[in-house]
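One structure below.
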Amino acid sequence: MTTTVAGGRGGARRRFDPTILLFVSPTLILLLVFVAYPFLRAIWLSLTKTTLLGGTVGFLGFDNFVALFQDPQFGAFVGNSVFWTVGGVSLQLIFGVIGALLLNQKFRLRGTVRGLAMIPWATPSVLVALIWLWLLDPNRGLVNTVLEHLGIMTHPVAWLSDAHTALPTLIVIDAWQGIPFFAVMVLAALQAVPEELKESARTDGCGPLGVFRHVVVPSILPTVLITLVLRLIWTANYIDLAYVLTGGGPGIASTTIPLQSYLTAYKQGQLGSGAAYAVVQAIVLAILVAIYLRLTQTKGVKR
Amino acid sequence: MKQHKVRASVVIGAIAASALALTGCSGTGAGSTTTTSASTTGQTINYWLWQDNATDTTWQQLADEFNAQGGHGKVTLQVVPAAQYLDKLSTAISSGNGPDAARMKDSWIGQFVDAGVLASLNDRIDAWKGKSSVEPSAWNAGKVPGGNQIYMMPHQNTALYMYYNKKLFADAGLQPPTTQSEMLSDAPKLTGGGHYAFDVRGGAGGQDQWAAWMLAGGAQFVNSSGSVILDKAPAESVNQKYLDLAKYAPPGSETAAFSQVQSNFLAGTTATMIHHIGSLAAVRKQFGDGVGVIPVPAANPSKPSTVQSMSGNVIFANSKKQELAWQWETFLLGDAQMLKMSTSPQGQLPVTKAVAANEAFKKDPAYQVAITAAKTAKSWPQLPGTTTVVNATWSPTIQQAFSGQLTSAKMLQALAAGLKKK
């Protein structure tokens, strides 16, 4: 199992060793079975008329996609998806960075606070949804009760039942859940900023803001960008909250493309049409994945 | 005090069940599993079900009783949470890993029949000596419109009625409504000071109480030849009345599921609730004699109607153990087993004549309202498109109508189109 290495001037030239295949084959097989096959299968389904019970009835070409783009509700699904993803991740970015800066300060019980701050992130999504369902209950929920007692509201608000408040409410809950992840990632980057760089900046006359702008921000930026892209991908695909809390409603007010994909495939039994929504979503996300790969490669080179 | 009455009726039921079992006096042969021609000894069937009460052990007890009997094979139960049941069952069937038999709702049958995965039961039913023990109307729940084949053995039935809070009505100086017009004129008087008339339940499962209102108002899903007429008169005006009730509903009602609806009624927030016998124990536990049960307000009280939902049992066409599945399903229709299930915490209305005439049901006014309602009740039509309408289309459509995005007529047209879809 010797590998490689043939010397040459200025570097080594790698020689292919078949035993490498032996070592990577378990991973390759898993990837083929659990990633490649379902992915290709979804593309195939999107080109067919396939129902949950009836199986594949026939090949449709791009008819599912044509029907999807001609659906008068498709624009609303896209708008909801963009609002949900950008809104949720923006709040996570802003409050995650603020949280990381606070957690990076020295104060008593810092370790405990850092641990407790992770609870929303560590809580299962369905449990998070049920907690908020109880908190936001329009008739007996804690949120309305407190706001009414404080005089901020005069009558109960049905946060999840009003078309104007349902999606914004979901975004706030998603942000509440996702901020700790952002904060921890940025905190780790903050802790890696060399103290001597900050000291040098101070010596050069920078104040606290100057140190933050010229030393801290450039140091944590790669981590922030990678976390940002990761969260964009995850949030865009995240349907648990909306499915449990609103079911995509009221009406279609909180229905995103992946949620519609699920509802079409499993509630309407139209696997082909549902797969078409999923393929559209995958194409959009592929752009984000490409950005992520680019960022991580760049970071790797810098290392 | 009322709770004691309920417990007493359950005890009476249990005693009667034991007596029936011991004396073998079902009289009809229903539930007898020892006279079959083909031997199923040594076989085991996989039976899927959902539980209406997750902690109740009645289903397992019945399976244990069946398995303890000699002369046939055994059954293993696979309980699937109700919210995921249809998805998982459909997926399992389509991948060839489905059960031999399963619990089923009448509103789901259409798409399974359309896919050709259910076994027709006519020949077995005709040869079964317990056939006459079943209420004749119950067989219709297992048919698709325009067809004579029966695909589901009826088991437990619900016919929706209305609960009303006696104190809230008395405080408002009102009698319980008998007509839909009265309901609408009473609604403003029942609303105010943190109280509301009625939960319109636009969320999961709300289609049944809406359907009860529509049928009671004289609307129809299909005509006698099976054509969809949900968007024909008088449906639009009946539906508009239901949409109007949202003005007198508590916040969140437009998307509420049953848990919120029940919480609101039990807390005295709402004065009325349309539901079925399944919530009777909880309602009586909270209010005792302070709750009344009436038929769903109708357009014309002399022509009452409501929706019924039948749960029953099907056998899958590709099962190689259909005889054993049949034995299990007829066992469940035995008088003792039926009484045990109907008086259990997840019990609903029995579908066999002898058990329906049992003292446990005859003396209880709520059961009497339900049993009377069942006589003129209708099911959702078992069309291929019904499952999608019930599970996917109805909620967002009525929610859009509540918010004014759709008119009553447009809403009904959308639902009718969904029912017609293949």
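Quick check: the distance between the Cα centres of the range B:130-189 and the range A:223-237, to the nearest angstrom?
About 51 Å separates the Cα centre of the range B:130-189 from the one of the range A:223-237.
Considering only B:Leu406, A:Ala278, A:Ile94, whose Cα is most displaced toward the positive end of the charge dipole of the protein assembly as shown, charges sitting on Cβ of Lys, Arg (+1) and Asp, Glu (-1)?
A:Ile94
Please go through the residue pairs B:Lys189/B:Lys362; B:Lys131/B:Lys378; A:Lys49/A:Lys267; B:Lys247/B:Lys285; B:Lys88/B:Lys285; B:Lys105/B:Lys421 and name each one whose alpha carbons sit more than 23 Å apart in this structure.
Table pairs above 23 Å Cα-Cα are B:Lys189/B:Lys362; B:Lys247/B:Lys285; B:Lys88/B:Lys285.
In whole angstrom, note down how far apart the Cα centers of the range B:68-85 and the range A:54-125 are.
Each part's Cα centre sits 40 Å from the other's.
Express as a percent, rounded to the nearest 5, the fraction of DSSP beta bridges in the protein assembly as shown (both residues included) that run antiparallel.
Details: 33 of 45 bridges.
Around 75 percent of the beta bridges assigned by DSSP in the protein assembly as shown are antiparallel ones.
Taking other Cβ within 10 Å of each residue's Cβ, how do A:Asp204, A:Asp137, B:Asp231 sort, fewest first?
Details: A:Asp204 10, A:Asp137 24, B:Asp231 20.
Fewest to most other Cβ atoms nearby, the residues stand as A:Asp204, B:Asp231, A:Asp137.
Could you tell me the relative contact order of the range B:381-422? Use alpha-carbon pairs under 8 Å, at least six residues apart, and round to a whole percent.
Result for the range B:381-422 is 61 percent.
Compute the angle between helix B:408-420 and the longest alpha-carbon principal axis of chain B, please, reported from 0 to 90 degrees and rounded to the nearest 10.
10 degrees
When only Cα pairs under 8 Å and 6 or more residues apart are kept, what is the percent relative contact order across the range B:203-274?
33 percent
Just tell me, in residue order, which DSSP H segments of chain A are both 18 angstrom or longer along the helix axis (alpha-carbon based) and at least 1.0 in mean Kyte-Doolittle hydropathy.
Span-like helices here: A:19-31, A:74-103, A:166-191, A:217-237, A:271-302.
Could you work out how far apart the two model spin labels at A:Arg14 and A:Gln70 are, taking each label as a point 7 Å from the Cα in the direction of the beta carbon, and quote it in nm?
With each label point 7 Å from Cα toward Cβ, the separation is 5.1 nm.
How do A:Glu196, B:Glu254, B:Glu65, B:Glu359 rank when sorted from fewest to most other Cβ atoms within 10 Å of their own Cβ?
Lowest to highest Cβ neighbour count: A:Glu196, B:Glu359, B:Glu65, B:Glu254.
If you count, for every residue in B:108-116, the Cβ atoms of partner chains within 10 Å of its Cβ, what is the mean?
2
Relative to the first principal axis of the alpha-carbon coordinates of chain B, what is the inclination of helix B:180-190, with its axis defined by its Cα atoms, in degrees from 0 to 90 and to the nearest 10?
With both axes taken from Cα atoms, the answer is about 60 degrees.
Which whole-angstrom value gives the distance between the alpha carbon centres of the range B:345-422 and the range B:263-308?
Distance between centres, Cα-based: 15 Å.
Say R0 is 56 Å: what FRET efficiency, to the nearest 0.05, do B:Lys189 and A:Val284 get from their beta-carbon distance?
The calculated FRET efficiency here is 0.60.
What does the charge add up to near A:Lys106, with Lys and Arg as +1, Asp and Glu as -1, over the other residues with Cβ less than 14 Å from its Cβ?
Cβ neighbours under 14 Å give a net charge of +2.
Farthest toward the dipole's positive end in the protein assembly as shown, which of A:Leu130, B:Gly312, B:Ala211, given Cβ charges of +1 (Lys, Arg) and -1 (Asp, Glu) about the Cα centre?
Positive-end residue among those listed: A:Leu130.
Report the calculated FRET efficiency for A:Glu196 and A:Lys106 (r = Cβ-Cβ distance, R0 = 25 Å), to the nearest 0.05. Don't jump to the answer; show the numbers that get you there.
Numbers: r = 19 Å, r/R0 = 0.75.
Efficiency, rounded to the nearest 0.05: 0.85.
In peptide B:393-406, how many Cβ atoms from other protein chains are near each Cβ within 10 Å, on average?
Details: counts 3, 0, 6, 10, 2, 3, 10, 6, 1, 4, 8, 1, 5, 1.
For peptide B:393-406, the averaged partner shielding equals 4.
For the protein assembly as shown, taking Cα atoms only, what is the radius of gyration to one decimal and the Dmax to the nearest whole Å?
Cα only, the protein assembly as shown: 30.3, 102 Å (Rg, Dmax).
Arrange B:His195, A:His155, B:His275 by Cβ neighbour counts within 10 Å, fewest through most, would you?
Details: B:His195 18, A:His155 8, B:His275 25.
Exposure proxy ranking, most exposed first: A:His155, B:His195, B:His275.
State, to one decimal in nm, how far the label point of A:Ile131 lies from the label point of A:Phe39, with both points 7 Å from Cα in the Cβ direction.
The two pseudo-label positions are separated by 3.4 nm.
Helix-only estimate, please: 222 nm mean residue ellipticity of chain A, summing -39500 (n - 2.57) across DSSP H runs of length 4 or more and dividing by its residues, to the nearest 500. Don't skip to the end; give the middle numbers.
Numbers: 15 runs with 196 residues, N = 303.
When only DSSP H runs of four or more count, the value is -20500 deg cm²/dmol.
Relative to the longest principal Cα axis of chain B, at what angle does helix B:206-216 sit, 0 to 90 degrees, rounded to 10?
Its long axis makes an angle of about 80 degrees.
Using the Cα centre of chain A as the reference point, and only Cβ charges (+1 on K/R, -1 on D/E), how large is the resulting charge dipole? Debye, rounded to the nearest 20.
1220 debye
Quickly work out the A:Ile94-to-A:Ile291 label distance, labels modelled 7 Å from Cα along the C-beta direction, and quote it in nm with one decimal.
Between A:Ile291 and A:Ile94, the label points sit 1.8 nm apart.
Give the cross-link partners of B:Lys74 among the aspartates and glutamates, using a straight C-alpha distance below 18 Å as the criterion and excluding same-chain residues fewer than 8 apart.
Within the straight-line cut-off, B:Lys74 pairs with B:Asp64, B:Glu65, B:Asp100, B:Glu323, B:Glu329.
For B:Lys363, which aspartates and glutamates qualify as cross-link partners when the Cα separation must be under 17 Å and same-chain residues fewer than eight apart are set aside?
Partners found: B:Asp289.
Less than 13 Å Cβ to Cβ from A:Leu93, Lys/Arg counted +1 and Asp/Glu -1: what total charge do the surrounding residues give?
Its environment carries a net charge of 0.
Given only helices, namely DSSP H runs of n ≥ 4 each adding -39500 (n - 2.57), what is the per-residue ellipticity at 222 nm of chain B, to the nearest 500 deg cm²/dmol?
So the calculated ellipticity at 222 nm is -12000 deg cm²/dmol.
Can you tell me the dipole magnitude for the protein assembly as shown around its Cα centre, using point charges on the Cβ only (Lys, Arg +1; Asp, Glu -1), in Debye to the nearest 20?
1240 debye
Evaluate E = 1/(1 + (r/R0)^6) for A:Thr123 and B:Asp244, where r is the Cβ-Cβ distance and R0 equals 35 Å; express this FRET efficiency to the nearest 0.05.
0.30
Each value in this text was obtained by applying a stated rule to the coordinates, not by laboratory testing. The model shown is predicted, which means the values in this text are computed figures rather than measured ones. Neighbour counts run over all protein chains shown; Cβ positions are idealised from the backbone, glycine included.
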